[in-house]
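Every read-out reported here was derived from the displayed coordinates using simple, explicitly stated rules and does not represent laboratory data. Computed from a predicted structure; not experimentally measured. Glycine gets a Cβ as well: all are built from the backbone with ideal geometry, and neighbour counts include every protein chain shown.
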């Protein structure tokens, strides 16, 4: 990750001695981590019209002035990451209420027009980013935390999904149709219980935030793909899946056995995706079925859902992500895909793969039966869970992963690989696989379960 980064430092009009010292140490730590640090002049030479080249991270110290902030000198918010470095601590960042901390974070990010903010006081430095993470470290631990915390945030930054990233089908489904009754009922009941836990955050309305001028408000709106607000976390229901038992490679048809599964673990066979997995000492082949998920749209009030307008349908069909909006919601509405779209689908695909493996090795698996007959629930909240409170057969994973952002391919890969490792552990231990909890360091937790209501009740007891 470090070697993929190129960083430049924006010349500050005014910078305190404390920040100057910190910036010198930060630059050295980045270089020692393997990051390529280039001069601001060289970064401008790669761009045009007074803007730096694409892909360069720009670090700027101090408050700055409207019209001459670092953001005014980047190619775009999507192609460059801006890091602001400020004296003191995040105003309101120490509040005990999660909602107030997140509001304080978003307020600071839009005022300073940065993707990441670093606050520096006499003994600590604090990183804040759009992922909702606020992490404080001792200045003595700068080198270690730059490599293991800051670098992942810069290498895998928050990038709001755009509708153009997916195949978007407007008016694609009716959330009130009878086929979705049970799933929508669980979403609504789960939403109410999750609201009582205080772990799902209300919408932060973009219109209510203070910007330095209307130009910056427009820039932020475009970056967010014109979302009217942000709310962290998601609730989702994976629809029932047709599960085929995995095939032992030694027992597979000759056509499949002739493929080089050492070179590749993914092939398109007769128009269908087929993956090869090594579980314990054997290799199994799994045909990926059609995956469909009902989930909360980006920015909605997740604890007060309106099913006719607040749900989208995600699908993975022949390797393409399809986002369906509800009927009659209108193409101009704020019905946008979740920041977590790829992570949600990674969990859903992982559930289908796990069920296929279990159908082959432990045909009586309750997990497999539930997915086939009723589907599964998925939830994400900004908090963590005590491992001791998890039931037998529920596996925690991801605690040691780099703290990447939830909207990134890396987050989706960690979701899928962690789930597969969890089911392998269950088979090795001879414990029936029930579900798993995926920790995203410096961010939150994703968890799979039989229903959103039961997940909310478990998390209410076990949240840290």
Worksheet item: For the stretch 184-244 and the stretch 361-413, what is the separation of their C-alpha centers, rounded to whole Å?
Response: 21
Worksheet, complete the sentence: To the nearest 10 degrees, the tilt of helix 341-361 (Cα long axis) against the first principal axis of the alpha carbons of the chain is 30
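Helix-only estimate, please: 222 nm mean residue ellipticity of the chain, summing -39500 (n - 2.57) across DSSP H runs of length 4 or more and dividing by its residues, to the nearest 500. Show your work: numbers first, answer last.
Values: 13 runs with 143 residues, N = 464.
It lands at -9500 deg cm²/dmol.
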Fill in: the stretch 2-155, relative contact order in percent, only Cα pairs under 8 angstrom and at least six apart counted
22
Discussion item. With 10 angstrom as the radius, rank 144, 186, 270 by how many other C-beta atoms surround their C-beta, starting from the fewest.
Written reply: 270, 144, 186
Worksheet item: With each pseudo-label sitting 7 Å past Cα toward Cβ, what's the residue 265-residue 463 distance in nm, one decimal?
Response: 3.4
Discussion item. Angle check, please: helix 17-33 long axis (alpha carbons) against the longest principal axis of the chain (alpha carbons), in degrees 0 to 90, nearest 10.
Written reply: 40
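If the chain between residue 429 and residue 139 were fully stretched, how many nm would it gain, using 0.36 nm times the residue separation less the Cα-Cα distance?
Length gained, residue 429 through residue 139: 100.2 nm.
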Worksheet item: If you find the alpha carbon centre of the stretch 124-156 and of the stretch 9-54, how far apart are they in angstrom?
Response: 17
Item to complete: Give me the distance in nm between label points sitting 7 Å out from Cα along the Cα-to-Cβ direction at residue 123 and residue 290, one decimal.
Response: 6.1
Item to complete: Could you tell me the distance between the Cα centroids of the stretch 292-337 and the stretch 439-464, to the nearest Å?
Response: 22
Worksheet item: So for 359, 457, 389, 428, fewest C-beta neighbours within 10 Å to most, what's the order?
Response: 428, 389, 457, 359
Practice prompt. Provide the packing ranking of 16-28, 252-264, i.e. peptides ordered by the mean count of other C-beta atoms within 10 Å per residue, highest first.
Written response: 16-28, 252-264
Item to complete: At 7 Å along the Cα-to-beta-carbon direction for both residue 178 and residue 282, put a label point, then send me their distance in nm to one decimal.
Response: 4.2
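So how do 54, 163, 302 line up by other beta-carbon neighbours within 10 Å, fewest first? Could the numbers behind the result be given before it?
Details: 54 13, 163 16, 302 26.
By the 10 Å Cβ count, ascending: 54, 163, 302.
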Worksheet, complete the sentence: To the nearest 10 degrees, the tilt of helix 452-462 (Cα long axis) against the first principal axis of the alpha carbons of the chain is 60
